Amino acid sequence: MAEQASSFMRDWIAANIRSDPVHQERDLAQRTADEIGRLKDDARAEGLDLNDPELEEGLLRDEITAAIKRVTS
């Protein structure tokens, strides 16, 4: 199941983290927290185990923060 969660996380980030003028004035930490919530909602809807280590809060925060920085720099 970890491979499924890992693939889901990578695919979700690639599909959903974009440079968007709506987010330009937002705090990075707040946007990251909002995106984690969206990812977890979508993972839950897909039937993934949210206790999977690939969906751990710290890992998601690091991956999503890095993705946001990539698309906004």
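The values are calculated or read from the model by the stated rules, or taken from the named source; none is laboratory data. The structure displayed is predicted, hence computed values, not measured ones. When we count neighbours, we look across all protein chains shown, and the Cβ atoms used for this are built from the backbone with ideal geometry, even at glycine. To get the accessible areas, we keep the full protein, side chains included, count just its heavy atoms, and leave off ligands, DNA and RNA. Shrake-Rupley method; radii C 1.70, N 1.55, O 1.52, S 1.80 Å.
Structure notes:
- The stretch 11-73: trypsin sites (Lys or Arg not before Pro) falling in loop per DSSP and having at most 13 other Cβ within 10 Å: 18, 26
- Low-density loop cleavage sites - GluC sites (Glu not before Pro) in the stretch 22-73, where at most 16 other Cβ are within 10 Å (DSSP): 25, 46, 56
- The chain: relative contact order as a whole-number percent, Cα under 8 Å and 6+ apart: 50 percent
- Per-residue HN-Hα couplings for the stretch 34-48 [Karplus 6.51, -1.76, 1.60; θ = phi - 60°; Hz; x = Gly/Pro]: 5, 5, 4, x, 5, 4, 5, 4, 5, 5, 4, 5, 7, x, 7
- Residues in the stretch 31-73 average 57 Å² of solvent-accessible surface per residue, probe 1.4 Å, ligands and nucleic acids excluded.
- With every protein chain in place, the chain: carbon and sulfur % of accessible area (1.4 Å): 47 percent
- Computed from Cα atoms alone, the Kirkwood hydrodynamic radius reported for the chain is 12.4 Å.
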